[in-house]
Amino acid sequence: AEKIRRGLDKAFEKRPFTSEQIEEIASEIEAKIYRVAKDKDIATSKIGEIIMEKLKKVDKIAYIRFASVYREFADIDDFKKELRELK
């Protein structure tokens, strides 16, 4: 949970969201993770996908920031491809 919040803080840095709004987004993400996991282990890749799914709906800049770290874009072409898919 702490890693999720740190990742969200970085993704939302200088975005027009209050700390309370970011906390609410984090809580919604965590609730979805628990629903998907159903008391079982969940792959970190699935957690990343859940986070990105939420961020894509909430703020595209935060989504791109998170995705760029999470997906470790190999080069500018990977980054451009992701941006094109957002349109």
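Numbers for the structure displayed
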read-out: Helix 76-86 vs. the chain, principal-axis angle (Cα, 0 to 90°, nearest 10); value: 60 degrees
read-out: With Cα atoms, 0 to 90° folded angle of helix 19-37 axis to the chain main axis; value: 70 degrees
read-out: Cβ charges +1 (Lys, Arg) and -1 (Asp, Glu), total dipole of the chain, debye; value: 240 debye
read-out: FRET efficiency, 1/(1 + (r/R0)^6) with R0 25 Å, evaluated for V36 and R15 via beta carbons; value: 0.45
read-out: Computed [θ] at 222 nm, helices only, for the chain once each DSSP H run of length n ≥ 4 contributes -39500 (n - 2.57); value: -24000 deg cm²/dmol
read-out: Loop GluC sites (Glu not before Pro), the chain, which have at most 10 other Cβ atoms in a 10 Å radius of their Cβ (DSSP); value: E72
read-out: Percent accessible area from carbon and sulfur atoms, the chain, protein chains only, probe 1.4 Å; value: 51 percent
read-out: Cα gyration tensor category, rounded, prolate or oblate, for the chain with a/c compared to 1.5; value: oblate
read-out: Solvent-accessible area per residue for the chain (1.4 angstrom probe, square angstrom); value: 72 Å²
read-out: Potential extension, K87-E28 segment - 0.36 nm per residue separation minus Cα distance; value: 18.8 nm
read-out: Cα gyration tensor shape for segment 22-66, rounded if a/c is under 1.5, else prolate or oblate; value: oblate
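The values are calculated or read from the model by the stated rules, or taken from the named source; none is laboratory data. Owing to the predicted nature of the structure, the values given are computational and were not obtained by experimental measurement. Reconstructed Cβ throughout: ideal geometry from the backbone, glycine too, with neighbour counts over all protein chains shown. Surface accessibility is based on the protein's heavy atoms, side chains included, excluding ligands, DNA and RNA. Shrake-Rupley method; radii C 1.70, N 1.55, O 1.52, S 1.80 Å.
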